[in-house]
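Have a look at the structure below, then the notes.
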Amino acid sequence: MNKFAAAGVFALLATTGVHAQPDEAPQYRDPLDSLEINREATEYQFERSSLRALKVHDPIEGFNRRVYRFNARFDEYVYLPVVRGYVWATPRFVRTGVSNVFSNLGDVSNLANSIVQRQVHKSMRTTSRLLLNTTLGVLGIFDVAKAMGLPQESEDFGQTLGSYGVPPGPYLIIPFLGPSSLRDGTGRVGDWVIQDEAGFLNNREHMNEHKWTYGLQAVNLRYRTPFRYGALDSPFEYDQVRYLYTKLRELQISQ
Amino acid sequence: MKRIIATATLSFTLLGSYTAQADNFSYSEENAFMATIASTPLEQVAPVPSEFDVQQDDLSIRVLPDRKLPPVLSGFDELDFRLAWQDQPAPLMFLIAGTGSGFDTARMDYLKRVFWQAGMHVIVLSSPSNHDFIAAASRSGLPGLGRRDARDLHSAMSMAVEEAQETKGIEITEYHMAGFSLGALNAAFVGELDQQLGQFDFSRIVLLNPPVDLYTSITRLDALPYTRVKGVDGTDSFYEHIFNKLSRYYAQRGSIDVQAGLFADIQASDEALTDAELAMLIGAVFRFAAADLSFMSDVITRGGVYVPVDQQLKVSTSLTPYLRQALFCNFKCYIETQLYPDWQTRNADQSISQMAEETSLRSIDSYLRDNPDIAVVTNADDFILTGEDYQYLVQLFGERAFLYPRGGHGGNLQHKDVVARILSFVEGTPNE
């Protein structure tokens with residue numbers, strides 16, 4: 001009993017001590033103390049890693065940089081203003097619906113590529129998505145599959161080529177579209193052909209009849225892409241985007 | 001003896017539970033590096049309107065009419081800034097971005113919405129250390145000196161206000177200013193300059209996570225890339241190491257879906273980034289900012305450090321070789337090879353530490369001390385500060401030092417308690 005009383009008094013004293021100065025500043029902690037900072041062991045760790053990241057096969061760099069600049073200007077003066085107009089003129093549910101319709105059409109090539117890559121489970125999930133969204137989702141306007149736990153799993157022809165060991169080849173900036181590579185640029189054409197041949201829901205026929213739908217598709221594509229030129233806040237944006245694009249594709253292909 | 005141990009143990013337990021509640025700050029991230037990168041958990045973020053709902057526009061001003069830029073930098077001869085405005089007369093808040101950050105970063109956009117929602121006009125400016133500002137608004141092309149940067153900023157701010165009044169017809173009742181990190185140091189010096197010029201006559205100035213002494217803080221940031229990372233040795237690439245982790249994380253999940261909360265998910269998985277990796281990432285970000293800075297300064301001053309003086313930088317010119325060189329230059333290197341030699345041309349007998357002293361809050365101590373209109377927000381674990389720096393801020397600002405036990409370098413600036421406290425200071429209303 002005695003010792004509890006003593007403890008109580010001690011604790012009380014301790015807490016009163018803290019209470020006496022309610023505005024006392026929180027105690028400084030140096031986060032660098034938890035690190036092992038060792039210049040000898042890590043000399044050039046940053047430089048070595050960064051220099052390696054700059055090694056990307058880019059034989060037509062001069063051309064690419066010009067197209068990159070053109071795309072940035074086009075984005076600033078044409079593409080983004082149009083997208084802002086689109087956002088201003090349409091309620092969100094319409095934009096989401098538009099976006100869903102195009103991504104449902106995109107699931108056709110996602111499925112074809114998943115099958116060719118022999119990704120059995122992914123193919124099954126994408127098939128379910130197509131069936132659910134086209135029927136319950138009213139021609140893809142609603143992404144009911146996502147709500148049921150089946151998010152879209154993008155697989156393009158560039159990834160398919162990559163998964164069969166085709167190297168990316170030279171880095172390429174495609175006018176209007178942005179970063180790509182010889183392999184992935186070819187892949188885009190491949191995906192276009194797949195969609196053409198599949199003729200799912202006769203979409204090409206309808207789109208050719210109503211040419212404005214291609215414009216809508218382009219606006220939707222930009223609407224859904226968060227990238228902004230200048231967002232990396234660096235005079236070396238081209239170099240950084242080149243590395244990030246290359247790594248992103250490697251990551252996608254490895255899955 | 002037993003009694004003493006029992007007493008000690010018990011009181012420690014009591015004390016322990018007391019300290020856990022001692023601060024009623026609900027931001028719980030104890031790891032300063034994690035806090036800095038992951039920021040505030042969504043459920044604790046002070047709500048602000050969406051970007052689409054803010055009445056705003058990006059405007060630009062020509063600050064230096066005589067500046068000639070090479071084609072690769074065309075478009076940077078005008079300084080862009082962001083304006084969010086009110087239709088009725090209102091106070092105007094200037095926001096100044098941190099090291100190597102532009103006016104259009106997510107952090108600045110968030111703060112902009114905080115003050116816009118509170119009924120103010122807001123003008124967001126890039127950091128004087130950012131490449132766009134160096135090109136368009138830095139007379140010397142060599143940022144890093146408190147007073148000189150303040151003059152550049154002050155001119156840009158005056159022109160930005162004129163532009164805002166002309167194009168949007170805004171009416172301003174009074175001026176406030178806030179800056180983050182290096183931008184906070186800039187704000188303090190701009191405030192001091194304006195006190196002498198009497199142009200804006202700022203009602204409130206808030207310094208968010210400022211360094212005390214720029215030179216000390218950059219030395220600490222420069223040290224981060226020398227962190228030993230387990231699994232990165234000899235010839236390994238640190239970035240590959242991180243990408244491999246990401247790759248394994250996705251492989252386990254079976255799909256790639258980049259979405260909000262991704263970082264928290266990774267940290268909860270087997271592939272969670274370690275302290276050392278987080279610190280290294282932060283260090284690498286600052287090193288790239290340093291490379292940008294020393295390259296841009298070289299181009300603007302025609303210093304010939306990276307780019308030969310007669311070399312024409314065209315749109316198609318590869319900048320990669322210059323980046324390769326500039327990567328080797330950290331902040332300290334920039335100061336020693338570019339900023340200090342230029343300073344010496346005017347102050348031949350002065351040392352580098354004397355130069356650094358002039359870009360320290362200590363050099364404007366008398367302006368900041370007992371000034372009821374200036375507050376500081378910082379954290380006990382902000383890694384740009386030494387213990388001494390932290391104590392200096394505590395005693396310099398007294399009850400206008402809003403100190404938090406956790407948050408790293410700006411990780412808690414979206415927290416509802418922090419936002420409320422900043423707003424009540426700026427608006428002059430009692431808090432709590």
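The values are calculated or read from the model by the stated rules, or taken from the named source; none is laboratory data. Just so you know, these numbers come straight off a predicted model, no measurement behind them. Counting neighbours? That spans all protein chains shown, and the Cβs are built from the backbone with ideal geometry, glycine included.
Here are the numbers:
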item: Selection within the range B:187-214 - away from chain A (no Cβ under 14 Å), touching a Ser or Thr at 6+ places or on another chain (Cβ under 9 Å) and either polar (S, T, N, Q) or surrounded by fewer than 19 Cβ atoms within 10 Å (Cβ to Cβ) (or both); result: B:Gln199
item: Only listed residue being of a type in the set (A, V, I, L, M, F, W, C) and in contact with a Leu (Cβ under 7 Å, 6 or more places away or on another chain), chosen from B:Leu385, B:Leu396; result: B:Leu396
item: Selection within the range B:379-406 - more than 10 Å from every other protein chain (Cβ to nearest Cβ) and under 15 Å from B:Phe25 (Cβ atoms); result: B:Phe402
item: Single match in B:Gly75, B:Gly141 (criterion: without any contact (Cβ under 8 Å) to a residue 60 or more places away in the chain, of a type outside the set (Phe, Trp, Tyr) and more than 20 Å from B:Leu207 (Cβ to Cβ)); result: B:Gly75
item: Residue count, the range A:28-50 (criterion: facing another protein chain (nearest Cβ under 7 Å) and either in contact with a Gly (Cβ under 8 Å, 6 or more places away or on another chain) or of a type in the set (Asp, Glu) (or both)); result: 6
item: Test: residue in the range B:220-237 that is farther than 30 Å from A:Gly149 by Cβ, aromatic (Phe, Trp, Tyr) and either buried (at least 18 other Cβ atoms within 10 Å of the Cβ) or more than 10 Å from chain A (Cβ to nearest Cβ) (or both); result: yes
item: Extreme residue, nearest to B:Gln414 (Cα to Cα), among residues of the range B:104-120 that are at pLDDT below 95 and not in a helix (DSSP H, G or I); result: B:Thr105
item: Complete set of residues in the range A:98-127 that are farther than 18 Å from A:Trp192 by Cβ, within 14 Å of another protein chain (Cβ to nearest Cβ) and not in a loop (DSSP other than H, G, I, E, B); result: A:Val120, A:His121, A:Lys122, A:Ser123, A:Met124, A:Arg125, A:Thr126
item: Count of the range B:39-73 residues which are part of a helix (DSSP H, G or I) and closer than 30 Å to B:Gly411 by Cβ; result: 6
item: Criterion: modelled with pLDDT under 85 and either within 12 Å of another protein chain (Cβ to nearest Cβ) or in contact with a strand residue (DSSP E or B) (Cβ under 8 Å, 6 or more places away or on another chain) (or both) - qualifying residue of A:Gln240, A:Gln255; result: A:Gln255
item: Some residue of the range A:148-159 being polar (S, T, N, Q), in a loop (DSSP other than H, G, I, E, B) and within 19 Å of A:Phe227 (Cβ to Cβ); result: yes
item: All positions within the range B:296-325 that are touching a residue at least 60 places away in the same chain (Cβ under 8 Å) and either in a helix (DSSP H, G or I) or within 8 Å of chain A (Cβ to nearest Cβ) (or both); result: B:Met296, B:Ser297, B:Val299, B:Ile300, B:Thr301, B:Val315, B:Thr317, B:Leu319
item: Options B:Ala38, B:Ala32: the member that is within 13 Å of chain A (Cβ to nearest Cβ), of a type in the set (Gly, Ala, Ser) and under 20 Å from the mean Cα position of the chain (by Cα); result: B:Ala32
item: Qualifying positions in the range A:126-153 - of a type in the set (S, T, N, Q) and closer than 19 Å to A:Ser114 by Cβ; result: A:Thr126, A:Thr127, A:Ser128, A:Asn133, A:Thr134, A:Gln152
item: Residue ID - surrounded by the fewest Cβ atoms within 10 Å (Cβ to Cβ), chosen from residues in the range A:147-175 that are of a type in the set (Asp, Glu) and over 21 Å from A:Val56 (Cβ atoms); result: A:Glu153
item: Subset of the range B:129-157 (residues that are closer than 16 Å to A:Ser234 by Cβ and not in a helix (DSSP H, G or I)); result: B:Ser129, B:Asn130, B:Pro143
item: Residue within the range A:15-27 that is within 9 Å of chain B (Cβ to nearest Cβ) and either part of a helix (DSSP H, G or I) or at pLDDT 95 or above (or both) present; result: yes
item: In the range B:78-125, the residues that are over 22 Å from B:Ile218 (Cα atoms) and of a type in the set (D, E, K, R); result: B:Glu78, B:Asp80, B:Arg82, B:Asp87, B:Asp104, B:Asp109, B:Lys112, B:Arg113
